[in-house]
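One structure is given here, and the rest of the page talks about it.
The values are calculated or read from the model by the stated rules, or taken from the named source; none is laboratory data. All of these numbers come straight from a predicted model, not from anything done at the bench. Here the Cβ is made from the backbone with ideal geometry for all residues, glycine too, and neighbour counts use every protein chain on show. The protein model used for the area step is the full one, side chains on, heavy atoms only, and it has no ligands, DNA or RNA in it. Shrake-Rupley method; radii C 1.70, N 1.55, O 1.52, S 1.80 Å.
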Amino acid sequence: MRNARLWNGLLGVQHTTIERVDDALDSGLVVVHVRPSRTRRGRCGVCQKRCPGYDQGHGRRRWRALDAGTTRVLLEADAPRVSCREHGIVVAHVPWARHDAGHTVVFDQQVAWLVVAMNKTKVCALMRIAWRTVGAIITRVVADLQGGEDRLDGLRRIGIDEISFRRGHRYLTIVVDHDKRRLVWAAEGRDSATLAGFFAALGPERCARLTHVSADAAPWISKTVAEHAPDAVLCADAFHVVAWATDALDEVRRHVWNSARGAVSRRRAPTATGEAKKLKGARYALWKNPENLTERQTEKLAWIAKTHPMLYRAYLLKEGLRYVFAAKGDAGQQALDRWLGWAARCRIPSFVALGRRIRKHRAAINAALEHDLSNALIESTNTKIRLITRMAYGFANPAALIALAMLTLGGYQLTLPGRN
């Protein structure tokens, strides 16, 4: 037809013949009748290999294209089926859309770019689609991107963690690349079988090339890493180790607070009442780093040092363990030796138990101090995934959430249609 080259450019399609254009501008719709070029016909919709024809399918189909200004545009074409040796009876490949999709490739490309740059309400309003349709689109786009690049190639130092994404103990296991600082793999689940899927995708040769793995002390992670990458150095995450000390400190705080409340119930003394109230509000003064304390919290900490020496000693133990990871290297290991001796003599049950726990994971903690590797990157990634999870509320399955996380945090360079 006339102006075929113009319509090819407007639609962003290649290897496509324009047959005719039916416009119904009163209804705000343009239907473009197309067919694949001769070299693109008779191919499998999945692998795109030439295959013998099977039948004419279920008649003509329509695909949503990018709007022409304020007018919606649809592509319409025959949808015959072919017989593929590998994939069986499938709909023939069309060059303007992905297999089993109801939108053109450039439409998918624009939605993927927008969903990273805008909130979901604006994406749905601009593209005139439902949010669940966005989930299906970005899942297809990420599958194509991952098919064109091996994201697991060249991995040397990785971080592993899990994150909750839905109520009912629904978790994702995620893996980040410390060197390229990007998310490289994610899957639903939080167990050895899920993580083994990552190592299976990595393969024995590339598993052998891993040098460092940072993770928390979860047994299912350390066991799976030791099984599939025995030569990799497992580094304990400093954040989680210090969090153990914070939990132990909070246990002491609760014990002291409950003792003060018990004194209130026994003698109804005004001083005991005030003491319990002060201890109840002391949590943040004990949790925060000294350099971040407000003036009021500093005063409260000084009050604790005078009135509750055991609680203050627990606070100093927490800060002592934090210093271990600030010092790093040989100095950090020497500080940890001194800290373990202090914890064993402190006569605070929660910190005595913490000392035993740290001795159990001493090799991984020493590796973290020596190689200065932590899960800071993966904790940052987890924070961003939590924001993405709020945005992805309404997706029918976790595959769409994982696709959105990969688009946002996987280091992909997305472009708008027609831009290089």
Here FRET efficiency (C-beta to C-beta, residue 345 to residue 119, R₀ 56 Å, nearest 0.05) is 0.55
Taking Cα atoms, the helix 376-391 axis meets the longest principal axis of the chain at an angle in degrees (rounded to 10) of 60 degrees
Listed by chain and number, the lysines with an alpha carbon less than 24 angstrom from that of residue 384, same-chain partners under 8 positions apart left out, are 120, 122, 180, 288
Candidates 143, 112, 405; GNM for the chain (alpha-carbon contacts under 10 Å) flags as most fluctuating 143
Taking Cα atoms, the helix 219-228 axis meets the longest principal axis of the chain at an angle in degrees (rounded to 10) of 60 degrees
Treating only Lys and Arg (+1) and Asp and Glu (-1) as charged, each at its beta carbon, one finds that segment 329-420 has a dipole about its Cα centre, in Debye to the nearest 20, of 460 debye
For segment 62-68, in residue order, the Karplus 3J(HN,Hα) values (coefficients 6.51, -1.76, 1.60; θ = phi - 60°; whole Hz; Gly and Pro = x) are 10, 10, 6, 10, 4, 4, 9
To the nearest 20 debye, the chain has a Cα-centred charge dipole, built from +1 on Lys and Arg Cβ and -1 on Asp and Glu Cβ, of 1340 debye
In the chain, taking the dipole from +1 charges on Lys and Arg beta carbons and -1 charges on Asp and Glu beta carbons about the Cα centre, the listed residue (123, 287, 410) farthest towards the positive end is 287
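For the full complex of protein chains and a 1.4 angstrom probe, list 277, 318, 384 by accessible area with the highest value first.
Largest accessible area first, the list is 277, 384, 318.
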For segment 327-338, in residue order, the Karplus 3J(HN,Hα) values (coefficients 6.51, -1.76, 1.60; θ = phi - 60°; whole Hz; Gly and Pro = x) are 6, 6, x, 5, 4, x, 5, 5, 5, 5, 4, 5
Per the 1/(1 + (r/R0)^6) rule, R0 = 41 Å and r from the Cβ atoms of residue 179 and residue 259, FRET efficiency to 0.05 is 0.25
Between the modelled labels at residue 303 and residue 72 (7 Å from Cα along Cα→Cβ) the distance in nm is 6.5 nm
Which residues qualify? For residue 161, with a placed amide H closer than 5 Å and at least 5 residues away or on another chain, they are 174
Between the modelled labels at residue 201 and residue 87 (7 Å from Cα along Cα→Cβ) the distance in nm is 2.0 nm
Long-range alpha-carbon pairs in segment 185-231, meaning those over 18 Å apart, account in percent for 20 percent
GNM of the chain, Cα pairs under 10 angstrom: of 383, 246, 39, the biggest fluctuation goes to 39
Answer in debye to the nearest 20: the dipole magnitude of segment 268-374 about its Cα centre, from +1 Lys/Arg and -1 Asp/Glu charges placed on Cβ, is 660 debye
Any residue on another chain or 5+ positions along whose placed amide H is under 5 Å from the amide H of residue 17 is listed here as 35, 37
With 0.36 nm assigned to each residue of separation and the Cα-Cα distance removed, residue 310 to residue 227 gains 25.6 nm
On the formula 1/(1 + (r/R0)^6), with r taken between the Cβ atoms of residue 146 and residue 169 and R0 of 22 Å, the FRET efficiency rounded to 0.05 is 0.20
One can check that the equivalent ellipsoid of the chain, built from the alpha-carbon gyration tensor with semi-axes equal to the square roots of five times its eigenvalues, has lengths in Å, largest first, of 59, 26, 17
Using a 1.4 Å probe on heavy atoms of the protein chains only, the accessible area for residue 325 in Å², nearest 10, reads 30 Å²
So, over other residues within a Cβ distance under 13 Å of residue 319, counting Lys, Arg +1 and Asp, Glu -1, the net charge is +3
Hull volume per residue for segment 179-310, using the convex hull of the C-alpha atoms, in Å³ is 169 Å³
Rounded to the nearest 10 degrees, the helix 398-409 long axis (Cα) sits at an angle to the longest Cα principal axis of the chain of 80 degrees
Computed ³J(HN,Hα) along segment 346-358: with the Karplus parameters 6.51/-1.76/1.60, θ = phi - 60°, integer Hz and x for glycine or proline, the list is 6, 6, 10, x, 5, 7, 4, 5, 5, x, 5, 5, 5
Here the averaged projected area of segment 112-222, based on the convex hull of its alpha-carbon atoms and given in nm², is 8.5 nm²
With only helices counted (DSSP H, runs n ≥ 4, each -39500 (n - 2.57)), the per-residue ellipticity at 222 nm for the chain, to the nearest 500, works out to -16500 deg cm²/dmol
A convex hull over the alpha carbons of segment 307-420 yields, per residue, a volume in Å³ of 201 Å³
